[in-house]
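Below is one structure; the comments refer to it alone.
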Amino acid sequence: MRNRRPTAPDPVQDSPAVGPPENAAAGLTAVLNSMRLVGEHAGVRRGLPAMLAVNQKEGFDCPGCAWPEGDRRHRAEFCENGAKAVAEEATSRALTSDFFAAHPVSELAERSGYWLGQQGRLTEPLYLAEGASHYTPIGWDEALDMVASELRAMDSPDEAVFYTSGRTSNEAAFCYQLFARQLGTNNMPDCSNMCHESSGSALSETIGVGKGSVSLEDLYKADLIIVAGQNPGTNHPRMLSALERAKRAGARIVTVNPLPEAGMREFRNPQEVGGLLLGRGTRLTDLFAQIRLGGDLALFSAVNRLLLEADRRGEEVLDREFISACTHGFDAFAEALLSEPEEEFWARVERDTGLERSLVEEIAALAAASERTVVCWAMGLTQHRHSVPIIREVVNFLLLRGNIGRPGAGVCPVRGHSNVQGDRTMGIVERPAESFLDALEAEFGFAPPRRHGHDTVNAIHAMARGEVRVFFAMGGNFVHASPDTGFTEEAMRRVGLTVHVSTKLNRSHVVTGTRALILPALARSDRDLHEGRARWVTVEDSMSRVHASHGVLPPLSEGMRSEVDIVRDLAGRMFGDSPVEWSGMADHDRIRDHVAAVVPGFEDFNARARRRDGFTLPHSPRDERRFPTATGKANFTVNGSYAPEVPEGRLLLQTLRSHDQYNTTVYGLDDRYRGIRNGRRVVLVNPEDARELGLADGSLTDIVGEWPDGRERRAARFRVVHYPTARGCAASYYPETNVLVPLDSTAEVSNTPTSKSVVVRFEPASGPV
Ligand SMILES: Nc1nc2c(c(=O)[nH]1)N[C@H]1C(S)=C(S)[C@@H](COP(=O)(O)OP(=O)(O)OC[C@H]3O[C@@H](n4cnc5c(=O)[nH]c(N)nc54)[C@H](O)[C@@H]3O)O[C@H]1N2
Ligand SMILES: Nc1nc2c(c(=O)[nH]1)N[C@H]1C(S)=C(S)[C@@H](COP(=O)(O)OP(=O)(O)OC[C@H]3O[C@@H](n4cnc5c(=O)[nH]c(N)nc54)[C@H](O)[C@@H]3O)O[C@H]1N2
Ligand SMILES: [Mo]
């Protein structure tokens with residue numbers, strides 16, 4: 001065994017090779033890559049049926065991203081990265097007890113996440129006893145009895161924490177939150193806390209609904225689409241076809257990003273012969289604003305100020321009718337934004353954004369000329385200290401011209417996990433609305449807890465204080481996805497019993513509490529038979545459409561259970577059938593009837609979920625320009641100015657995804673569009689900055705986090721890549737760099753870790769990783 005470092009194992013022998021970044025996304029290479037991966041992992045017998053069923057009406061929802069399916073579905077409605085997600089899940093490799101007998105946990109803890117994931121699907125429940133060196137098989141009854149007795153032995157239900165990742169179906173999520181609340185806790189952190197929480201916080205306050213307000217049709221009708229802080233070519237590849245269609249219908253696209261991402265430059269549509277074989281592409285971006293990390297508040301406020309100034313000059317750029325009928329706080333907003341002297345204002349904007357004033361003016365001119373504007377965003381806007389103000393300022397921008405609640409216009413936070421939005425709708429949230437709890441109480445006849453629970457960051461603090469006796473995870477990879485790897489892993493080791501409902505092996509299975517259980521779950525693509533009948537589930541996409549998902553593949557083993565059955569069985573053991581009739585929930589229609597009674601918008605759920613295209617949830621700002629906020633109107637907000645401070649000799653680091661990963665699941669070691677192959681320990685630095693800091697291209701460096709708590713955070717031995725990112729900024733992959741993200745550096749209001757703005761310095765590479 002090599003390099004015994006407890007917190008940052010990386011036995012993958014990275015040797016990154018770097019070439020020029022690509023200029024276009026998708027095309028033939030993407031299709032060939034998908035076919036190769038599916039063949040390698042799943043083989044023809046599983047791979048082909050899986051690929052034919054993904055995103056089809058009688059098939060399953062792609063376990064990749066949350067981008068919606070269009071109405072005109074292609075026979076092969078998938079993308080390269082969707083194919084990777086399916087291949088990873090539909091793999092024919094199975095992990096059996098021999099594997100765990102051969103590999104002690106101490107050895108698995110030295111392996112990379114990539115290696116762990118490549119070993120295959122988990123097929124039977126496993127137990128790691130106190131002090132034991134190996135996981136050993138355990139029966140389902142024994143495993144669930146163990147969880148139940150540990151939960152019963154707690155002094156308070158708040159000694160348990162129930163984490164959720166975002167692939168869990170609506171049906172499973174509803175049961176899971178019901179179970180936690182029947183137990184008596186709202187300790188339900190989820191991956192959203194690290195993801196789009198800032199969007200939810202900002203949108204709830206300003207428009208009254210924490211979800212996006214556009215449909216695909218709106219994108220097709222837009223005059224102007226701004227894509228800020230998002231890399232759809234890798235993370236939402238099917239969004240590129242939607243942008244292409246919008247573009248063909250006349251839309252202009254503005255891209256705001258510190259990196260020139262290939263997907264936003266040109267798209268070669270793999271569903272069209274020209275794009276596939278002739279390499280003919282559509283240029284997507286009309287105007288590229290290469291912004292500094294965290295500069296979006298300054299950018300949007302500058303555009304807003306330009307619009308306000310144009311209005312003062314008598315140009316008709318504001319939607320006065322909408323502003324007076326539907327909004328609140330306009331005067332205070334306008335006054336605050338116009339109060340700063342011109343020169344100071346622009347000096348600050350240019351400093352914070354790194355953009356020239358003339359470029360900002362061009363964006364404002366496009367906005368003023370557009371009758372229908374959509375703003376799309378993802379993690380580039382949500383993972384900063386001032387993310388909530390940034391997104392509130394985006395809302396101000398849209399409100400000025402009445403761009404919410406009419407065709408072709410609106411807010412479009414593009415979600416991550418394929419059902420992360422649905423999980424929230426089902427009540428996976430640590431701060432539930434009173435109305436939701438009232439509805440639960442009325443439906444089930446017990447009093448749900450009203451105290452708010454822990455989100456992800458607070459759950460880690462509670463673990464570190466030794467307050468968590470049981471940590472239960474419905475999917476995900478908590479220790480590797482969370483910030484501050486060193487601290488978080490120590491915290492996890494203080495938990496009594498850790499329980500993971502999972503499909504694949506990951507780091508959270510090897511950094512555990514005193515005792516640990518792994519419970520193998522059926523995945524989206526797996527057929528779920530109950531008493532001879534196939535059960536199906538539902539999911540909600542990023543545009544609030546709910547539809548059915550039918551698993552099609554025979555499970556690799558009979559030892560796996562559906563997430564619904566795992567919760568149902570555990571709940572039955574703890575509470576029997578009263579007052580919640582858990583045994584009845586084996587029938588998913590029964591669960592959906594409960595959802596219909598509890599969650600607004602799900603009336604007649606069973607019938608509507610059976611429609612071919614499912615149904616769209618109501619969204620009052622989108623549907624009727626009704627804004628259920630504290631003021632009853634859409635709120636303009638005053639957001640001031642803020643940009644991360646970066647001392648001399650330091651850079652601001654963002655931690656992001658390569659083209660070959662799904663969050664902590666690493667599919668391969670390439671990041672094709674960025675020209676990086678065979679390695680992940682790379683740090684992208686602007687060549688000018690690199691020169692000033694003495695970082696030669698190809699040299700090895702340690703990245704050291706700076707945060708005023710005296711603890712050292714070091715990511716060792718990264719290869720420097722000179723790359724055309726914005727000045728003062730650097731980029732490196734998550735989760736390898738999560739060790740650098742301080743747990744206490746979080747966004748105001750949403751408490752989301754600031755994974756896109758970490759102040760770092762560089763030191764000569766230390767010993768082995
Ligand atoms: N294949 C694949 N698909 C995925 C995922 C995956 O890992 N792999 N993950 C899923 C999940 S959970 C999510 S949340 C989404 C994530 O989707 P993205 O948000 O696209 O993911 P990131 O790789 O974090 O990319 C962030 C982008 O924002 C830019 N950016 C960073 N900081 C700033 C900033 O301050 N301002 C601006 N304007 N831009 C900035 C970065 O340069 C980068 O292009 O994707 C989902 N889909
Ligand atoms: N530094 C940094 N940190 C980040 C981010 C970042 O950009 N930078 N992004 C954040 C974001 S946006 C997110 S969403 C989180 C992601 O956090 P998580 O959702 O916790 O992490 P994933 O890597 O998506 O989880 C992968 C694991 O989920 C399990 N799994 C997969 N499918 C299923 C299923 O169908 N059922 C069950 N039960 N288990 C399944 C597998 O065991 C797999 O190993 O990470 C966050 N962390
Ligand atoms: Mo996410």
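The values are calculated or read from the model by the stated rules, or taken from the named source; none is laboratory data. This structure is a prediction, so every number in the text was calculated from the model and none was measured. With ideal geometry, Cβ positions are generated from the backbone for all residues, glycine too; neighbour counts draw on all protein chains shown. What goes into the accessible areas is simple: the full protein's heavy atoms, side chains included, and nothing from ligands, DNA or RNA. Shrake-Rupley method; radii C 1.70, N 1.55, O 1.52, S 1.80 Å.
How much of the DSSP bridge set in the chain is antiparallel, in percent, rounded to the nearest 5? Working shown, then result.
On the way: 40 of 92 bridges.
Antiparallel bridges make up about 45 percent of those DSSP assigns within the chain.
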Inset, instruction - Given the peptides 755-762, 129-136, arrange them by the average over their residues of other C-beta atoms within 10 Å, most packed first. - result: 755-762, 129-136
Legend entry - Between the stretch 143-208 and the stretch 567-591, the alpha-carbon center distance in angstrom: 17 Å
Legend entry - Set Lys211/Lys633; Lys57/Lys247; Lys57/Lys504 screened for pairs whose C-alpha atoms are more than 18 Å apart: Lys57/Lys247; Lys57/Lys504
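Just need the relative contact order of the stretch 200-418 here, percent rounded to a whole number, with Cα pairs under 8 Å and 6+ apart. Display every interim value, and only then the final one.
Working: 359 pairs, mean separation 67.3, N = 219.
It comes to 31 percent, rounded to a whole number.
Keeping every protein chain present and rolling a 1.4 Å probe, give me the accessible area per residue for the chain in Å². All intermediate terms of the calculation are to be shown ahead of the outcome.
Values: 26620 Å² over 769 residues.
Using a 1.4 Å probe on heavy atoms only, each residue of the chain averages 35 Å².
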Legend entry - Computed [θ] at 222 nm, helices only, for the chain once each DSSP H run of length n ≥ 4 contributes -39500 (n - 2.57): -10500 deg cm²/dmol
Inset, instruction - Determine ³J(HN,Hα), in whole Hz, for all residues of the stretch 469-486 in sequence, where each value follows from phi through the Karplus function 6.51 cos²θ - 1.76 cosθ + 1.60 and θ = phi - 60°; x replaces Gly and Pro. - result: 8, 10, 10, 10, 10, 8, x, x, 9, 4, 6, 8, 7, 6, x, 6, 2, x
Inset, instruction - Compute the distance in nm between two label points, each set 7 Å from the Cα along the Cα-to-Cβ direction, one at Arg45 and one at Arg691. - result: 6.0 nm
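For the chain, calculate the relative contact order in percent as a whole number, restricting contacts to Cα pairs under 8 Å that are 6 or more residues apart.
Values: 1773 pairs, mean separation 168.9, N = 769.
22 percent.
Classify the chain as rounded, prolate or oblate from the Cα gyration tensor: take a ≥ b ≥ c as the square roots of its eigenvalues, call it rounded if a/c is under 1.5, otherwise prolate when a/b beats b/c and oblate if not. Walk me through the intermediate numbers first.
Values: a/c = 1.45, a/b = 1.23, b/c = 1.18.
In terms of gyration-tensor shape, rounded.
Taking all protein chains as present, what is the carbon and sulfur share of the accessible area of the stretch 401-461, in % to the nearest whole number, probe 1.4 Å? Don't skip to the end; give the middle numbers.
Details: 980 of 1820 Å².
So the carbon and sulfur contribution to the accessible surface is 54 percent.
Taking 0.36 nm per residue of sequence separation and subtracting the Cα-Cα distance, how much length would be gained by fully extending the chain between Glu58 and Ser641, in nm to one decimal? The partial results should precede the final answer.
Values: separation 583, 0.36 × 583 = 209.88 nm, distance 4.97 nm.
Using 0.36 nm per residue and subtracting the Cα-Cα distance, I get 204.9 nm.
Enter the per residue convex hull volume of the stretch 651-764, computed from alpha-carbon coordinates, in Å³ rounded to the nearest integer. Display every interim value, and only then the final one.
Values: hull volume 12.3 nm³, N = 114.
In the stretch 651-764, the Cα convex hull volume per residue is 107 Å³.
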Legend entry - Ala249-Arg320 pseudo-label distance in nm [points 7 Å out on the Cα-to-Cβ vector]: 3.1 nm
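Give a quick list of trypsin sites (Lys or Arg not before Pro) in the stretch 525-585 that DSSP marks as loop, anything other than H, G, I, E or B, with at most 15 other Cβ atoms within 10 Å.
Details: sites: Arg527, Arg533, Arg535, Arg545, Arg561, Arg568, Arg573; in loops: Arg527.
Those satisfying the criteria are Arg527.
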Legend entry - Listed residues Ala643, Asn81, Leu178: farthest to the positive end of the dipole of the chain (Cβ charges): Asn81
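Roughly speaking, to the nearest percent, how much of the stretch 174-213's 1.4 Å accessible area is carbon and sulfur?
Numbers: 250 of 480 Å².
Roughly 53 percent, rounded to a whole number.
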Inset, instruction - Compute the length gained on full extension between Asp141 and Arg612: take 0.36 nm times their separation in residues and subtract their Cα-Cα distance, giving the result in nm to one decimal. - result: 165.7 nm
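So which GluC sites (Glu not before Pro) in the stretch 306-359 end up in coil per DSSP with only 16 or fewer other C-beta atoms within 10 Å? Walk me through the intermediate numbers first.
Working: sites: Glu309, Glu315, Glu316, Glu321, Glu335, Glu342, Glu343, Glu344, Glu350, Glu356; in loops: Glu315, Glu316, Glu356.
Filter output for the stretch 306-359: Glu315, Glu316, Glu356.
Using a simple charge model, +1 on the beta-carbon of Lys and Arg, -1 on the beta-carbon of Asp and Glu, nothing else, what dipole does the chain show about its Cα centre, in debye to the nearest 20?
Working: 87 positive and 103 negative charges, 359 e Å.
Dipole magnitude for the chain comes out near 1720 debye.
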Inset, instruction - Could you look at the stretch 214-275 and say what percent of its accessible area is carbon and sulfur, using a 1.4 Å probe and all protein chains? - result: 45 percent
Legend entry - Pairwise label distance in nanometres, Glu434 with Arg152, each label 7 Å out on the Cα-Cβ vector: 3.6 nm
Legend entry - Order by protection proxy (mean Cβ within 10 Å, highest first), peptides 156-163, 553-560, 91-98: 156-163, 553-560, 91-98
Inset, instruction - Quote to one decimal, in nm, the extra length available between Trp346 and Arg280 on full extension: 0.36 nm per residue of separation minus the C-alpha distance between them. - result: 19.7 nm
Legend entry - Orphan Cys of the chain, criterion: no other Cys C-beta under 4.7 Å: Cys62, Cys65, Cys79, Cys175, Cys191, Cys195, Cys326, Cys729
